[in-house]
Amino acid sequence: MAARATRSASGAASSSDEDSRCLLLGLSHDELGVIFDGLADPLQPIVAVALSSTCLGLRTPLRAALEVLQDRHERVKALCRKLHTSIDTLINHSADSLFAENNQFLFGVDAASAANNLTALSLILKWLPRQNVCLRESCIGDAGMQALFEGLGRGALPSLLYLSLGRNQFGPAGAEALAAALRRGAMPNLETLDLARNPIGHHGLTALVAPLRKLPAFKTLHIHTCEIGDEGVASLVADLGKDDFKALETLYLCCPFNSAETNLPTDQSCTTLISVLNSAAIPKLARLDILRKDSMSPDAMDALTEAVKRRHITMSCCPADCLGVLS
């Protein structure tokens, strides 16, 4: 009995000594949370779990965070099963692209399931940087866009260069969710953004313009058939500073023939673009697609064509040209 008590006392003393040597215990709860969050990879949670095991004194303050991490890990595993892959495959796969397009069975379902799937996808994107991500034609919608991007902040997706979200049935609210992530500093090195065939309107485009203008490597914007109208075109190029869109090379505003799109650019947009082209704005612009046979007069298109020629910019004269790239 005495020996058992001695061992117990010895063990308690050992634990006390261990805790006293753990410098992490001297940190505030917020400071400890920052460290844990930086290690809380739901694809590989072992590092964060190991941190909590470094001394007994960390287990209680990190218990809630560990429960959240476990829940996220289970969500990611469930999504991987639906995608017919595994976490190990994602981690060990050497490809620099993630293509999850045409996944209506994941995102075009009931709201709760879609939000859960998109939250899990957001975690995968955040912790498994890819250079190219394609989520086209997946019925993401406004709520899905909010679930996908609300967890992305400064430093998220630093390797992402190409993001395709075309044909996903989201409007201004979905565009604002993406814009908010960009304003928080997510995707700082983005080069190409494809939003084609989503009815974001001029309100959605206006929300996106400010953060997109400041991206230093941003080269290509696809916003054809997005119902942006003259107001959207105006917001895109209004009050451009010398550092706005400084790398932009390609702008797809094209509206294809026989489209049912409403709120089309008119002669007013031609006038707006001519003014920009006659200035020194968007210095690297090399290709512009803005063509709609029945919404712009021949005179306006001729004037725009002349302005484009003076800047040595290529302007497509056939809607099928951009449809092959964007549809």
Practice problem: List every residue pair whose Cβ atoms sit under 8 Å apart, with the two residues 6 or more apart in sequence or on different chains, where the first one lies in the stretch 231-248 and is in the same structural domain as residue 172 (by TED's automatic domain parsing) and over 15 Å from residue 265 (Cβ atoms) and the second, anywhere, is among the small types (Gly, Ala, Ser) and surrounded by 15 or more Cβ atoms within 10 Å (Cβ to Cβ). | Solution: 240/281; 244/281; 245/281
Quiz prompt | In the stretch 97-139, the residues that are acidic (Asp, Glu) and without any contact (Cβ under 8 Å) to a residue 60 or more places away in the chain | solution = 110, 137
Quiz item: Take the residues of the stretch 92-128 that are charged (D, E, K, R) and at pLDDT 75 or above: which is farthest from residue 156 (Cα to Cα)?
Solution: 110
Quiz item: Could you count how many residues in the stretch 48-63 are under 13 Å from residue 35 (Cβ atoms) and surrounded by 13 or more Cβ atoms within 10 Å (Cβ to Cβ)?
Solution: 7
Exercise. Output yes when any residue across the stretch 53-63 is basic (Lys, Arg), more than 28 Å from residue 141 (Cβ to Cβ) and assigned to a loop (DSSP other than H, G, I, E, B), and no when none is.
Key: yes
Quiz item: Of all helices (runs of 4 or more DSSP H) completely enclosed by the stretch 75-145, which ones contain at least 1 residues that are surrounded by 20 or more Cβ atoms within 10 Å (Cβ to Cβ)?
Solution: 104-107, 111-127
Exercise. Would you confirm whether any residue within the stretch 176-186 is among the charged types (D, E, K, R), part of a helix (DSSP H, G or I) and either in contact with an Asp or Glu (Cβ under 8 Å, 6 or more places away or on another chain) or surrounded by 20 or more Cβ atoms within 10 Å (Cβ to Cβ) (or both)?
Key: yes
Quiz item: Can you name every residue in the stretch 187-218 that is surrounded by 20 or more Cβ atoms within 10 Å (Cβ to Cβ) and among the polar types (S, T, N, Q)?
Solution: 198, 206
Quiz item: residue 156: aliphatic (A, V, I, L, M), touching a helix residue (DSSP H, G or I) at 6+ places or on another chain (Cβ under 7 Å), surrounded by 22 or more Cβ atoms within 10 Å (Cβ to Cβ) and on the phi < 0 side of the Ramachandran plot, yes or no?
Solution: no
Quiz item: Which number in (1) touching a residue at least 40 places away in the same chain (Cβ under 8 Å); (2) in the same structural domain as residue 23 (by TED's automatic domain parsing); (3) among the basic types (Lys, Arg) marks the one condition that residue 77 misses?
Solution: (1)
Self-check item: Filtered residues of the stretch 148-175 (kept if farther than 18 Å from residue 104 by Cα and in a loop (DSSP other than H, G, I, E, B))
Solution: 150, 151, 152, 153, 154, 155, 156, 157, 158, 159, 160, 161
Exercise. Check 150, 74 and return the single one that is modelled with pLDDT of 80 or more, farther than 16 Å from residue 186 by Cα and of a type outside the set (A, V, I, L, M, F, W, C).
Key: 74
Quiz item: Which condition number in (1) outside the structural domain of residue 186 (by TED's automatic domain parsing); (2) more than 22 Å from the chain's Cα centre (by Cα); (3) surrounded by fewer than 17 Cβ atoms within 10 Å (Cβ to Cβ) is the one that residue 66 fails?
Solution: (3)
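The values are calculated or read from the model by the stated rules, or taken from the named source; none is laboratory data. Bear in mind that the values here come from a model prediction, so they are computed numbers and not experimental data. As a convention, Cβ positions derive from the backbone with ideal geometry for all residues, glycine included, and neighbour counts pool all protein chains shown.
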